[in-house]
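Visitor: Here you go, one structure.
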Amino acid sequence: MSKPDLVPPMPPEEPPSAEAVLAAIERAARHRARETGAVPAWAITEHLDVPRRSQRARRARTHLEALEAAGSLETSRRHGVTMWELTAVGRRRLRAARAAGRVPDLPESPQHRAWRNARTAAANEIERFTRRLSADLDQAARLLEADPPARSDAWFELGERIQRAAWRLASAGYCLREWSEPDDSRADIDDRVEPGDEKLDSAELARRRARRLGRRNITLWDERR
């Protein structure tokens with residue numbers, strides 16, 4: 001009997017099998033970490049790494065309908081969106097397929113791809129962010145020594161720039177050095193908790209957690225914001 005870790009990965013250009021669709025639903029539900037195991041179709045195609053409007057996506061949707069008809073999936077509606085969930089029959093079918101070596105390895109998960117992309121972007125940008133913050137701090141030193149003293153508007157503008165530059169540098173440093181590589185066995189959700197937080201009083205903990213909000217979101221690095 002083949003072991004699951006010896007099953008070859010899903011060929012990137014071939015339509016996903018029914019077993020791959022079941023595995024994608026299982027992983028998508030695990031990574032969403034919701035009270036329900038139901039997931040939308042777009043999440044399934046993300047875990048299959050299939051473009052939503054491709055022929056492969058249409059094949060996946062055909063599998064969804066057939067699996068529902070066979071009792072392996074059940075559907076529900078949430079905010080007008082169809083959601084798909086494994087039934088007990090579907091879970092048994094997936095376990096049997098794994099035992100028989102018929103479930104291919106899924107492509108890289110969306111949460112691992114997000115981690116990898118953020119880490120790569122941070123490695124590429126962190127030196128530039130450091131230089132930008134250093135330049136802003138040098139300007140602050142010049143304003144402190146200005147004679148006559150700098151006008152308030154200059155300080156207000158520079159203060160905003162320093163705050164944005166420091167946040168970008170902190171976010172990049174977190175993505176590069178502090179964000180641990182996700183384990184696909186569980187959802188990788190930033191709970192904004194760090195070692196030592198237990199020593200903080202509630203007010204300071206709330207302030208720190210508020211500052212950590214969005215630290216994984218590299219789209220916030222856009223300097224035009």
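Visitor: Looking at this structure, is SER2 touching a Gly at 6+ places or on another chain (Cβ under 9 Å) and modelled with pLDDT of 95 or more? Step through it out loud before you land on a result.
Guide: Values: touching a Gly at 6+ places or on another chain (Cβ under 9 Å): yes; modelled with pLDDT of 95 or more: no.
Against the criterion (touching a Gly at 6+ places or on another chain (Cβ under 9 Å) and modelled with pLDDT of 95 or more), SER2 does not qualify.
Visitor: With respect to ALA170, determine if the residue is part of a helix (DSSP H, G or I), more than 18 Å from the chain's Cα centre (by Cα), surrounded by fewer than 12 Cβ atoms within 10 Å (Cβ to Cβ) and not polar (S, T, N, Q). Full working, then the answer.
Guide: Numbers: part of a helix (DSSP H, G or I): yes; more than 18 Å from the chain's Cα centre (by Cα): yes; surrounded by fewer than 12 Cβ atoms within 10 Å (Cβ to Cβ): no; not polar (S, T, N, Q): yes.
For ALA170, the condition - part of a helix (DSSP H, G or I), more than 18 Å from the chain's Cα centre (by Cα), surrounded by fewer than 12 Cβ atoms within 10 Å (Cβ to Cβ) and not polar (S, T, N, Q) - is not met.
Visitor: In this structure, does TRP84 turn out to be closer than 25 Å to ARG192 by Cα and either touching a strand residue (DSSP E or B) at 6+ places or on another chain (Cβ under 8 Å) or not assigned by TED's automatic domain parsing to the domain that holds ARG27 (or both)?
Guide: Values: closer than 25 Å to ARG192 by Cα: no; either touching a strand residue (DSSP E or B) at 6+ places or on another chain (Cβ under 8 Å) or not assigned by TED's automatic domain parsing to the domain that holds ARG27 (or both): yes.
Spelling it out, it is not the case that TRP84 is closer than 25 Å to ARG192 by Cα and either touching a strand residue (DSSP E or B) at 6+ places or on another chain (Cβ under 8 Å) or not assigned by TED's automatic domain parsing to the domain that holds ARG27 (or both).
Visitor: When you scan segment 85-98, how many residues do you find that are farther than 19 Å from PRO15 by Cα and either among the charged types (D, E, K, R) or not in a helix (DSSP H, G or I) (or both)? Spell out how you get there, then give the answer.
Guide: First, the residues of segment 85-98 that are farther than 19 Å from PRO15 by Cα: 85-93, 95-96.
Checking which are either among the charged types (D, E, K, R) or not in a helix (DSSP H, G or I) (or both) leaves us with 85-87, 91-93, 95.
So the count comes out to 7.
Visitor: Restricting the first residue to segment 59-71 and requiring it to be exposed (fewer than 15 other Cβ atoms within 10 Å of the Cβ), which pairs with a second residue that is in a loop (DSSP other than H, G, I, E, B) and modelled with pLDDT of 95 or more meet a Cβ separation below 7 Å and a spacing of at least six or different chains?
Guide: Listed pairs, sorted by first residue: GLY71/THR87.
Visitor: Let me ask something else about it. Within segment 16-49, can you find the residues that are of a type in the set (A, V, I, L, M), more than 15 Å from GLY90 (Cβ to Cβ) and either at pLDDT 95 or above or crowded, with 21+ Cβ neighbours inside 10 Å (or both)?
Guide: In the first step, residues of segment 16-49 are kept if they are of a type in the set (A, V, I, L, M); the result is 18, 20-25, 28-29, 33, 38-39, 41, 43-44, 48.
Checking the rest, the ones that are also more than 15 Å from GLY90 (Cβ to Cβ) come to 33, 41, 43, 48.
Selection gives ALA41, ALA43, LEU48.
Visitor: Quick check: is even one residue across segment 49-70 of a type in the set (A, V, I, L, M), under 18 Å from the mean Cα position of the chain (by Cα) and under 18 Å from ALA187 (Cα atoms)?
Guide: We begin by selecting, within segment 49-70, every residue of a type in the set (A, V, I, L, M); these are 50, 57, 60, 64, 66-67, 69-70.
Then keep just the ones that are under 18 Å from the mean Cα position of the chain (by Cα); that gives 50.
Okay, now just the ones that are also under 18 Å from ALA187 (Cα atoms), so none.
No, there is no match, as no residue in segment 49-70 is of a type in the set (A, V, I, L, M), under 18 Å from the mean Cα position of the chain (by Cα) and under 18 Å from ALA187 (Cα atoms).
Visitor: Working only within segment 128-137, note down all residues that are more than 20 Å from ARG216 (Cβ to Cβ), surrounded by fewer than 16 Cβ atoms within 10 Å (Cβ to Cβ) and not basic (Lys, Arg).
Guide: SER134, ALA135, LEU137
Visitor: Does ARG102 meet the test of being touching a helix residue (DSSP H, G or I) at 6+ places or on another chain (Cβ under 8 Å), closer than 30 Å to PRO16 by Cα and not in a helix (DSSP H, G or I)?
Guide: Spelling it out, ARG102 is indeed touching a helix residue (DSSP H, G or I) at 6+ places or on another chain (Cβ under 8 Å), closer than 30 Å to PRO16 by Cα and not in a helix (DSSP H, G or I).
Visitor: So how many residues does segment 173-225 have that are in a helix (DSSP H, G or I), hydrophobic (A, V, I, L, M, F, W, C) and free of Cβ contacts under 8 Å to residues at least 40 places away in the same chain?
Guide: We begin by selecting, within segment 173-225, every residue in a helix (DSSP H, G or I); these are 173-178, 197-199, 202-211, 218-221.
In the following step, the residues that additionally are hydrophobic (A, V, I, L, M, F, W, C) were identified as 175-176, 203, 205-206, 210, 218, 220-221.
Right, trim to free of Cβ contacts under 8 Å to residues at least 40 places away in the same chain and you get 203, 205-206, 210.
Of the residues in segment 173-225, 4 are in a helix (DSSP H, G or I), hydrophobic (A, V, I, L, M, F, W, C) and free of Cβ contacts under 8 Å to residues at least 40 places away in the same chain.
Visitor: A further question on this structure: Going by the conditions given, is ARG56 of a type in the set (D, E, K, R), part of a helix (DSSP H, G or I) and at pLDDT 95 or above?
Guide: Numbers: of a type in the set (D, E, K, R): yes; part of a helix (DSSP H, G or I): yes; at pLDDT 95 or above: no.
Criteria not met by ARG56.
Visitor: Only one of (1) in a helix (DSSP H, G or I); (2) in contact with a helix residue (DSSP H, G or I) (Cβ under 6 Å, 6 or more places away or on another chain) fails for ALA141. Which number is that?
Guide: Of everything listed in (1) in a helix (DSSP H, G or I); (2) in contact with a helix residue (DSSP H, G or I) (Cβ under 6 Å, 6 or more places away or on another chain), ALA141 misses just condition (2).
The values are calculated or read from the model by the stated rules, or taken from the named source; none is laboratory data. What you see is a predicted model, and the numbers here were worked out from it, not measured in a lab. Cβ coordinates were reconstructed from backbone atoms using ideal geometry, including for glycine residues, and neighbour counts include every protein chain displayed.
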